[in-house]
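Taking it in order: structure first as structure tokens, then the write-up.
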Amino acid sequence: MDIKPANGLIIKSDASGTGSLITETTSGLGSAIVQRYMNTDAWHIISSPLSGQSIAEFLNSNGNVATDDADPNVTVPLRGMMFYDPDKNDWGDYFTNLTSGDLATGKGFCIRTNANSAVTFEGALQAGTLSTTGMASGLWNCIGNPYTSAIGINSNSDSADDFLSTNTTNFDPYFGAIYIWNQPDVNNGELGMYTVISNASAGFDVQQGQAFLVKMNTNATFNSDMQIHDPGLTLKSTKGVWPTINLEASVNSQKSSTVIAFNSGMTKGLDPTYDAGLLKGGSDLLIYSRLVEDNGIPFAIQALPSNDYSSMIIPIGLDFKTGGEVVFSATTLNLTPDCMVILEDKRNQSFT
């Protein structure tokens, strides 16, 4: 892709969908504009599909990023944007129009707009093999899709390559997955959760501008074979659904779920990029499993062999800080007819 003039390429996004461009090379001295449509009812985690734009430039050119101007004594109002602090394992302070730093390649940010509208990135196209920089080893980091198209996340995606497979050895082996912010969130009066995508999940693509949390031991790598056209605005579930049990715990409007998936290539121990440890976040209610061959880690997704249903006892854990009645429910998909799912309550010595 050869771009000669400034803003010589514009990729638009609105409530119905978003533009998509796949290119393996870039040239020219020109620049591009890429939009990403946002709903105003929640925080979103985003990354820039372009390079060369500073945080201050982005905020000053996007007046629809929420502004806290309630205090007339504040000369530099806070803006609805922040980064993830790996050392604190939490989101950092709100940015202002004077915040230093850049929208670096693959760097993720949390953002909130004041209206249903698109934010606009300006800069140079990013193509070919790309890597994040400055990631904190062994801690949670926020990174995202650096391209102007969707990327395949796991081995069940339709893309030629995928993010998890490319980065298998880069992950903390207990957390070989991506963790995507799942609305609603604490700023809407409800606690946030994360959707976990591993190689045991159905095929998933992440749209341009979408970021997520990872726990890796080194920087993440992206390549052009991950790119795939997907003009929708949300994550897409495509193919490759294994036999699965989805166990859910709920208390009023709060819900938490854990996934048990079965495949002949899996083991009862740790299967990196298939088993995915639990990211607890700030939720009051959490349900999870522990490996059949336990290593002490709570898991959001556990992958198990499919040829040994009858002999497996899968430990299930529940954290509920407030306490009270919890309702359990389960949905199953593609299990063989002879497989029966039984939940044992050891305290009450009951089976369901």
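The values are calculated or read from the model by the stated rules, or taken from the named source; none is laboratory data. Note that this is a predicted model, so its numbers are computed, not measured. Here Cβ is always computed from backbone atoms with ideal geometry, including for glycine, and neighbour counts include all displayed protein chains. Just the protein is used for accessible areas: all its heavy atoms, side chains included, with ligands, DNA and RNA removed. Shrake-Rupley method; radii C 1.70, N 1.55, O 1.52, S 1.80 Å.
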- Task: Evaluate the following for Phe109: is it open to solvent by 30 Å² or more (accessible area, probe 1.4 Å), among the aromatic types (Phe, Trp, Tyr) and closer than 17 Å to Asn145 by Cα?
- Result: no
- Check segment 27-47 and report whether any residue there is over 23 Å from Arg112 (Cβ atoms), surrounded by fewer than 14 Cβ atoms within 10 Å (Cβ to Cβ) and not aliphatic (A, V, I, L, M). yes
- Message: Quick check on segment 116-123. Is at least one of its residues buried (at least 24 other Cβ atoms within 10 Å of the Cβ), of a type in the set (Asp, Glu) and not in a loop (DSSP other than H, G, I, E, B)?
- Response: no
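Listed here are the residues, each with its yes/no results for (1) in contact with a helix residue (DSSP H, G or I) (Cβ under 8 Å, 6 or more places away or on another chain); (2) of a type in the set (A, V, I, L, M, F, W, C); (3) surrounded by 14 or more Cβ atoms within 10 Å (Cβ to Cβ); (4) free of Cβ contacts under 8 Å to residues at least 40 places away in the same chain.
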| residue | (1), (2), (3), (4) |
| --- | --- |
| Gln254 | no, no, yes, no |
| Ala276 | no, yes, yes, no |
| Leu285 | no, yes, yes, no |
| Pro298 | no, no, yes, yes |
| Met312 | no, yes, no, no |
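Can you confirm whether segment 97-104 contains a residue that is within 16 Å of the chain's Cα centre (by Cα), in a loop (DSSP other than H, G, I, E, B), crowded, with 21+ Cβ neighbours inside 10 Å and not basic (Lys, Arg)?
no
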- With respect to the numbered conditions (1) more than 22 Å from Ala276 (Cα to Cα); (2) open to solvent by 20 Å² or more (accessible area, probe 1.4 Å); (3) of a type in the set (A, V, I, L, M, F, W, C), which one is the sole condition not fulfilled by Met135? (1)
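Against the condition more than 25 Å from the chain's Cα centre (by Cα) and within 20 Å of Ser224 (Cα to Cα), how does Thr25 come out, does it pass? Can you show your working first?
Numbers: more than 25 Å from the chain's Cα centre (by Cα): yes; within 20 Å of Ser224 (Cα to Cα): yes.
The answer is yes for Thr25.
To keep it simple, each residue is scored yes or no on (1) of a type in the set (A, V, I, L, M, F, W, C); (2) within 26 Å of Asn182 (Cβ to Cβ).
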{"site": "Asn64", "(1), (2)": "no, yes"}
{"site": "Asp85", "(1), (2)": "no, yes"}
{"site": "Gly101", "(1), (2)": "no, no"}
{"site": "Ile111", "(1), (2)": "yes, yes"}
{"site": "Pro146", "(1), (2)": "no, yes"}
{"site": "Ser149", "(1), (2)": "no, yes"}
- If you check Thr129, Thr75, which single one turns out to be open to solvent by 40 Å² or more (accessible area, probe 1.4 Å) and in contact (Cβ under 8 Å) with a residue 24 or more places away in the chain? Thr129
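Taking the criterion of being aromatic (Phe, Trp, Tyr) and open to solvent by 40 Å² or more (accessible area, probe 1.4 Å), would at least one residue in segment 325-342 satisfy it?
Step one: of segment 325-342, the residues aromatic (Phe, Trp, Tyr) are 328.
Among the residues that remain, those that are also open to solvent by 40 Å² or more (accessible area, probe 1.4 Å) are: 328.
Yes, some residue in segment 325-342 is aromatic (Phe, Trp, Tyr) and open to solvent by 40 Å² or more (accessible area, probe 1.4 Å).
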- Hey, any hits in segment 140-158 for a residue that's of a type in the set (D, E, K, R), more than 17 Å from the chain's Cα centre (by Cα) and not in a loop (DSSP other than H, G, I, E, B)? no
- So which of Asn145, Asn154, Asn167, Asn187 ends up being polar (S, T, N, Q), more than 15 Å from Val206 (Cα to Cα) and either buried (at least 17 other Cβ atoms within 10 Å of the Cβ) or modelled with pLDDT of 95 or more (or both)? Asn167
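Considering only residues of segment 198-225 that are in a strand (DSSP E or B) and at pLDDT below 95, which is nearest to Thr120 (Cα to Cα)? Before the answer, list the steps.
Taking segment 198-225 as the starting set, the residues that turn out to be in a strand (DSSP E or B) are 204-206, 210-216, 221-222.
Next cut, at pLDDT below 95 only: 204-206, 210.
Details: Phe204: 25, Asp205: 22, Val206: 18, Gln210: 14 Å.
Selected residue: Gln210.
Of everything in segment 294-329, what is assigned to a loop (DSSP other than H, G, I, E, B) and touching a Ser or Thr at 6+ places or on another chain (Cβ under 8 Å)? Give them in sequence order. Before the answer, list the steps.
If we filter segment 294-329 for residues that are assigned to a loop (DSSP other than H, G, I, E, B), which is where we start, we get 294-298, 305-308, 312-315, 321-326.
Passing the criteria: Pro298, Pro305, Ser306, Asn307, Ile314, Pro315, Val326.
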